[in-house]
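*Asks:* Here you go, one structure.
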Ligand SMILES: [Zn+2]
């Protein structure tokens with residue numbers, strides 16, 4: 001297995017291709033976990049959920065955490081006649097590790113995205129590392145559409161050809177590096193390989 005592309009800090013990870021290779025629009029950030037809204041300011045990456053505010057320093061990797069407790073509420077247990085207090089908890093509250101997928105996607109032409117995995121050390125309150133998990137692109141050559149999906153964890157490039165009859169053909173290859181300067185060249189390389197399969 002090849003080494004995953006690993007970034008030492010959040011700013012390097014977020015700098016991995018910020019613009020769409022097809023339409024040159026800026027890629028937008030999304031969190032793979034739907035519980036979190038994500039945004040970026042000059043020095044921080046901000047994650048927001050119902051129960052936590054996390055601000056990751058892009059340069060030092062340290063994160064600030066603010067847990068949002070809803071008012072502790074009393075549940076009256078009528079059977080025993082006493083109240084017990086329940087509180088919300090957040091995964092950020094715990095020690096250990098947590099991994100969150102960060103998606104960068106072009107919403108202008110919807111033809112390119114990649115996913116970064118951020119590995120957090122909750123005990124040390126820092127981002128330990130970030131890796132490039134996968135990369136996806138779609139090329140339309142009317143009436144056909146071709147998708148290339150690189151999974152760097154499994155080391156597989158999946159090529160899918162959708163034709164105008166609604167049929168699709170899939171082929172798996174060992175990783176084929178995507179040419180982000182000339183994405184169509186990647187497709188040409190795959191088409192040459194398919195001739196020999
Ligand atoms: Zn685009």
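*Asks:* If you go through segment 20-61, how many residues are in a loop (DSSP other than H, G, I, E, B), crowded, with 18+ Cβ neighbours inside 10 Å and within 16 Å of the ligand (Cβ to nearest atom)?
*Replies:* Residues in segment 20-61 being in a loop (DSSP other than H, G, I, E, B), crowded, with 18+ Cβ neighbours inside 10 Å and within 16 Å of the ligand (Cβ to nearest atom): 4 in total.
*Asks:* Find all pairs meeting these conditions: Cβ atoms under 9 angstrom apart; at least six residues apart or on different chains; first residue within segment 1-27 and under 16 Å from residue 115 (Cβ atoms) and without any contact (Cβ under 8 Å) to a residue 40 or more places away in the chain; second residue outside any loop (DSSP other than H, G, I, E, B) and more than 16 Å from the ligand (Cβ to nearest atom).
*Replies:* Going by the 9 Å Cβ cut-off, the qualifying pairs are 15/7.
Every number here is computed from the coordinates shown, using simple stated rules; none is lab data. Predicted model, so just to flag it, every value in this text is computed and none were measured. With ideal geometry, Cβ positions are generated from the backbone for all residues, glycine too; neighbour counts draw on all protein chains shown.
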